[in-house]
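Report on the following structure.
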Amino acid sequence: MTDYIPQDHEEGTKTVPDGFAQAGISFDDLLSHCIGNRDLAMRMLKKFGNDKSFPRLAEAMGRGDHEAAFEAAHALKGVSGNLGMTKLYEADCQLTDALRGGADREEAERLYPVVCEHYDRVMSFLATLE
């Protein structure tokens, strides 16, 4: 039963592992998507490195294929949102909107490096987890 964290805990207390805030990850959001099961939350978080959304986004942006980039950004938005990666999610929401239907390619090119920065921060943090 120690795998479960009570609903009334607060971020920033001893129950939240170090590094989450710096990586732009809300431990509370992550836990809420994992029904409060800390072990499940950590397993899901560690699996993020296997997700292909960001590599597909990077490849599509490199080719200038904004339609494929939209699909990849949209998938990344879902994954990052479900894992409580709030900074990555917020940046990716803006990119997804700019890519939607080729709406604003110039804005998409401006926003893409911001998404990369947040992705790199998350991946650096994940590399520190056991």
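Just so you know, all these numbers are worked out from the coordinates, no wet-lab data involved. Because the structure is a prediction, the values reported are computed rather than measured. Cβ atoms come from the backbone with ideal geometry, glycine included; neighbour counts cover every protein chain shown.
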5 Å is the cut-off here: which amide hydrogens, built 1.01 Å from N in the peptide plane, fall below it relative to Asn37, excluding neighbours closer than 5 in sequence? none
Computed over the range 27-128: relative contact order in percent, which uses C-alpha pairs under 8 Å that are six or more apart: 24 percent
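Got the relative contact order for the range 51-94 handy, in percent, Cα pairs under 8 Å and 6 or more residues apart?
Relative contact order of the range 51-94: 32 percent.
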Net length gained if the chain between Glu107 and Ser124 were fully extended (0.36 nm per residue, minus Cα distance): 3.5 nm
Just want the ordering: Met42, Met123, from fewest to most Cβ atoms lying within 10 Å of their own Cβ. Met123, Met42
